[in-house]
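What follows is a single structure, written as C-alpha cells, with notes after it.
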Amino acid sequence: MKKIISALLIIFSVFLLASCTEPIEAPQDLKVENDLITFTEIEDAIYKAVFTSTVDNKVHNRVVSNGTNIYTLSLAEGEYQLYIEITIGKQVVNTNQITIVIRDINAVNELKGETMLNSTQIKFIGRTLYDQIDEVNMMHHSASGFEVKIIGTSLSADLIGTNTTQQAKKPFLAVVVDENHDDVRVLSLDEKHNNKLVLVEGLTYGEHTIRVIKRSEALDSFFGVKAVYTDGKFLDVEYKDRFIEILGDSTTAGYGNETKQIFINGIPVKDEWGYNKYEDKTSGNSNALKTFGYLTTQAVNADYSIFSASGWGLTGSIWTNPQTVNLFDAYRKVYATTNNSFVNVYSDEDYNFATARKADAVIISVGTNDLYYIEAMQGDQIKFQERKQAFIDKYKELVDFIMYLYGADTQIFMVYGAMVESRMYQTVEATYANLSGYTNVHLVKLQGDNGAVDHHPSVASNEEMAQVLIAKVKEVMNW
C-alpha cells in the first residue's frame with residue numbers, strides 16, 4: 001500500500017511540476033529575406049514550417065530552423081501562406097503568418113535589348129524600329145507598344161521618351177491588365193530615360209497579361225523599351241487569330257478626343273466659326289484607346305497595328321508642311337511624324353512588309369484633310385477637278401497596294417463621316433464606285449459629333465461609331 005501511495009505522490013509531483021512550467025511565447029517576427037526564413041529562436045524547441053498554397057489550399061509541412069533557405073524545401077512554384085509551428089515538450093505555439101512566393105529559379109524575369117525582337121515572351125504592337133546604338137525598340141504611332149504575359153505581381157521597364165519636357169507633347173502610356181479597359185493605369189514619361197519604371201504592381205499573384213501602349217500619336221512623341229522586368233517570370237505571349245491594320249488621319253489617332261468644352265459663367269464659348277470651343281489638343285487629352293478603330297479591334301478580339309497621322313491626307317493637305325506629303329507615301333515607311341522644324345516627314349527607313357503580319361482586314365479612314373486640299377483650288381476648276389480625281393486614283397492605288405501586300409482576299413473597309421466632312425462625301429462615294437469591281441472593298445459611313453477640339457469626334461461619338469463599324473466587320477468577316 002505504501003508503495004502505491006509513493007508512486008501516486010511521484011506522479012502527482014511530476015504533474016504539478018509540468019503544470020507549473022511557464023507557457024512559451026511565440027515569436028512574431030517571422031519573415032523571409034533573401035530567400036532565408038528568419039525568426040527568433042527558442043531554446044530546445046522543434047520548428048515545423050507550415051506552407052499553405054493560396055491556389056488549392058494544400059498544406060505542406062517542412063522541418064526548418066532559423067536561416068533555412070526556402071529553395072531547399074522542394075516546394076512547387078506558387079504563392080503560400082507560411083507560419084512556424086514551435087514545439088517544446090507538450091507546448092505548441094505558432095508564429096505570425098506571412099505570404100511568400102516560391103519562384104521558378106530557372107525562369108526568365110528580364111527581357112532586354114535586341115534579344116527582345118525575336119523573343120516569344122514579348123509581343124510588339126504596331127510598327128517598331130530598333131535603335132542599335134541605344135539598344136532600344138522604338139514605338140511611334142497611336143496604340144503602339146508591347147504586351148507580355150507573366151506569373152507574378154508586377155511589371156517594370158526601362159523606357160525612353162521623346163519630347164518629355166514639352167507638356168503638350170510628352171508620351172502618355174496606358175497600362176491594360178488582363179484586358180480590363182475599365183481600369184487602365186495612365187502615366188506620362190516626364191524624363192527621357194526612365195529606368196525600372198513601375199508600370200503595375202500589387203497584382204494578385206498569378207498569371208497576368210499586361211499591355212503597355214501609347215495613348216498619344218507619333219506627331220507628338222515616341223517611346224521605346226530597353227528592358228522589361230517582373231518579380232515572377234515571363235511566359236510565352238499569345239497571338240490572336242485575327243489581325244486588323246488601321247490606316248488613317250487624326251480620327252484614328254485619337255486627336256483630342258478627351259478635351260472638355262469651355263464654359264464661362266455657364267455659357268458655352270464659341271470659336272470664330274460659331275462652333276463650341278474646347279481645350280487645346282495635347283498628348284494628355286488624346287486617347288487612342290477610345291477611338292472607333294481601336295474599339296473595333298477589341299470587340300472582335302483581334303491583334304492590330306495603327307498607322308495614323310493627324311492633318312495628313314491621302315494625296316495632300318493644307319495642314320502639312322509641305323502640303324504634298326501624304327499618307328500613301330508614308331505608309332511605305334516605318335512612321336509619319338513632324339520634325340523639329342514643324343515639317344511633316346516620314347522616316348528614312350522603309351517598312352519591311354515581307355516580315356510583317358498579314359492583315360485579315362484593313363480599315364482606312366481618310367478624306368477630311370484631302371477635302372481642304374482639294375477645295376484650296378476652287379478658284380481654278382481645272383486644278384480643283386484634278387485634285388478630286390487624284391484622290392480617287394490614289395485611293396485605288398492604295399487598295400491595289402494593300403491587296404498586293406496581303407492578298408486579294410484581304411477585306412478593306414472604307415470609312416468616312418467621322419469628322420462630318422459632308423462636302424467630301426460625294427468624292428468618297430465616287431471613289432468607292434471606281435472600285436466597284438473589288439468585292440473585298442466595303443463602304444462604311446459613320447456619323448461623328450464634332451464634340452471635341454477642332455471639330456473632332458468625342459469619346460462618346462467614337463463609341464457610337466465603333467458600334468456601326470463593329471457590326472459591319474462582323475458581318476463581312478463572319479466573326
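Any read-out appearing in this document is the output of simple, stated calculations on the displayed coordinates, not a laboratory observation. On a predicted model such as this, the values are computed, not experimentally measured, just so you know. Note that we place each Cβ from the backbone using ideal geometry, even for glycine, and neighbour counts take in every protein chain shown.
Give the shape of the stretch 332-397 as rounded, prolate or oblate, defined through the alpha-carbon gyration tensor: a ≥ b ≥ c are the square roots of its eigenvalues, a/c under 1.5 means rounded, and otherwise the shape is prolate if a/b is larger than b/c and oblate if not. It comes out oblate by the Cα gyration axes.
3J(HN,Hα) along the stretch 124-139: 8, 10, x, 6, 10, 9, 7, 9, 5, 6, 8, 6, 9, 9, 8, 10 Hz, from the Karplus curve 6.51 cos²θ - 1.76 cosθ + 1.60 with θ = phi - 60°, whole Hz, x for Gly and Pro. Scoring 145-151, 462-468 by mean Cβ neighbours within 10 Å over their residues and listing the highest first yields 145-151, 462-468.
From the Kirkwood radius over Cα pairs of the stretch 22-102, Stokes-Einstein at 25 °C and 0.890 mPa s returns a whole-number translational diffusion coefficient of 191 µm²/s. The protection proxy used here, the mean number of other Cβ atoms lying within 10 Å of each residue, ranks peptides 384-392, 111-119 as follows, highest first: 384-392, 111-119.
Between Lys196 and Asn118, residue separation times 0.36 nm minus the direct Cα-Cα distance comes to 25.9 nm.
Ordering Asn96, Thr40, Leu327 by the projection of their Cα atoms onto the charge dipole of the chain, which places +1 on the Cβ of Lys and Arg and -1 on the Cβ of Asp and Glu, puts Asn96 at the extreme positive end. Taken over the chain, the ratio of Cα radius of gyration to 2.2 N^0.38 Å equals 1.38. As a length-normalised measure over Cα pairs under 8 Å and 6 or more apart, the relative contact order of the chain settles at 12 percent. Only one residue of Tyr425, Ser142, Gln121 has its Cα farthest out toward the positive end of the dipole of the chain, where Lys and Arg carry +1 and Asp and Glu -1 on Cβ, and that residue is Gln121. Given +1 at the Cβ of Lys and Arg, -1 at the Cβ of Asp and Glu and no other charges, the dipole of the chain around its Cα centre is 520 debye to the nearest 20.
Relative to the longest principal axis of the Cα atoms of the chain, helix 425-434 runs at roughly 90 degrees. As a rough guide to protection, the peptides 40-46, 328-334 ranked by mean Cβ packing within 10 Å, highest first, stand as 328-334, 40-46.
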